Amino acid sequence: MDDMVKTAPQHSAKRSAKRHTLRTPSDLIEAGLAAEADRATLEAVGERFTMAIPPAFHDLITHPDDPIARQVIPDARELVTLPHEDADPIGDDALSPVPGIVHRYADRALLKPLLVCPLYCRFCFRREHVGPGGGLLSDTQLEAALDWVRQHPDIREIILTGGDPLMLAPRRLKHIVQSLSCIPHIETIRIHSRVPVADPARMTEDLLDAMETDRAMWLVVHANHASELTPQAAKAIRAVLSRAIPVLSQSVLLRGVNDTVESLEALLRAFLKARVKPYYLHHLDAAAGTGHFHVPVAEGQALLRQLRGRVTGPAWPTYVLDIPGGRGKVPIGPEYLDSASPGTVSTPDGEACSFT
């Protein structure tokens, strides 16, 4: 990270700040995650992008430049917008027919009931929108979004995202889940969340009760480093699984976080150990101020090629690119079939092999 982090005091200092969510430059400095000399830089970044580091994530930071810290501590490079970066890199705004709805695919839609998260990732593709302002849909807006779903019978799946839908009060989440469950053409409800790893104590019985439905319910947990799958996170995930709700994962390939064979393998193994099926490994979306996290596609493909045969099949995620402009995800994993030589395939170590 930049000089702001390099000059930061060691994390062992002033641990008394640990038990509340860190939200301000003063919080970071008091927690030993930044130096007083960095205050102006932190404030400049904070004027544009929200910061929040909950206790469960703070506990994982060993020093201000480790893989967890990189994900959540503001960095001066966030104020640098590269020519290809965009405030809405995957076209959410252009594909929103009513507030709270994004309709990108024929058979499914996103429902964003709020824009609050337990933590704010420094690489988030919705970083221009999320924050303490909340973006909470009013009762009228929520009903309008649900009406839109009711009026589109081709929609079979609703993906609750945001923000983080598990930041909703249980009563509000229950209302949304039950309302969707009463729509005949909705077959699947999917919740995308960071809560089980970022704030596992939030996974209460009331919140789990709110997820109950007679439709197919799936939870997709976002984590990017093996250390995020703590015993507390695993316990929260087990509680979800105990409700017969399958759990998948999504991760983002990030420079300095999980961009080595060893770190990516450890992450995938940690998911399986927690009974989470790795689902998506995302190529970084080109949000403003995220260039320092970028890993080229070819490098990502090479990492996955090295993992082929090294980790079990159930641990294998789909490496995907969300095409800019809202045109959807495409798989970009390494190719093994040689189109130039029919009947030839490349082995994971690059050796050509014939087949019939």
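In this structure, residue 263 qualifies as among the hydroxyl-bearing types (Ser, Thr, Tyr) and open to solvent by less than 40 Å² (accessible area, probe 1.4 Å).
Rundown of residues vs (1) in contact with a helix residue (DSSP H, G or I) (Cβ under 8 Å, 6 or more places away or on another chain); (2) open to solvent by 50 Å² or more (accessible area, probe 1.4 Å); (3) free of Cβ contacts under 8 Å to residues at least 40 places away in the same chain, yes/no style:
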{"site": "207", "(1), (2), (3)": "yes, no, no"}
{"site": "211", "(1), (2), (3)": "yes, no, yes"}
{"site": "225", "(1), (2), (3)": "yes, no, no"}
{"site": "245", "(1), (2), (3)": "no, no, yes"}
{"site": "249", "(1), (2), (3)": "yes, no, no"}
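You will find that of 257, 276, the residue that is within 26 Å of residue 74 (Cβ to Cβ) and either buried (at least 19 other Cβ atoms within 10 Å of the Cβ) or modelled with pLDDT under 95 (or both) is 257 and no other. The single condition from (1) on the phi > 0 side of the Ramachandran plot; (2) under 18 Å from the mean Cα position of the chain (by Cα); (3) open to solvent by 50 Å² or more (accessible area, probe 1.4 Å) that residue 218 fails is (1).
The requirement of being under 18 Å from the mean Cα position of the chain (by Cα) and in a helix (DSSP H, G or I) is satisfied by residue 268.
Evaluation of residue 281 against the conditions (1) surrounded by 19 or more Cβ atoms within 10 Å (Cβ to Cβ); (2) in contact (Cβ under 8 Å) with a residue 40 or more places away in the chain; (3) closer than 30 Å to residue 239 by Cβ shows that the sole unmet condition is (2).
Is it true that residue 39 is open to solvent by 20 Å² or more (accessible area, probe 1.4 Å), in contact with a Pro (Cβ under 8 Å, 6 or more places away or on another chain) and over 22 Å from residue 230 (Cβ atoms)?
Values: open to solvent by 20 Å² or more (accessible area, probe 1.4 Å): yes; in contact with a Pro (Cβ under 8 Å, 6 or more places away or on another chain): yes; over 22 Å from residue 230 (Cβ atoms): yes.
Yes, satisfied.
The values are calculated or read from the model by the stated rules, or taken from the named source; none is laboratory data. All values derive from a computational prediction rather than experimental measurement. Reconstructed Cβ throughout: ideal geometry from the backbone, glycine too, with neighbour counts over all protein chains shown. With ligands, DNA and RNA removed, areas are computed over all heavy atoms of the protein, side chains included. Shrake-Rupley method; radii C 1.70, N 1.55, O 1.52, S 1.80 Å.
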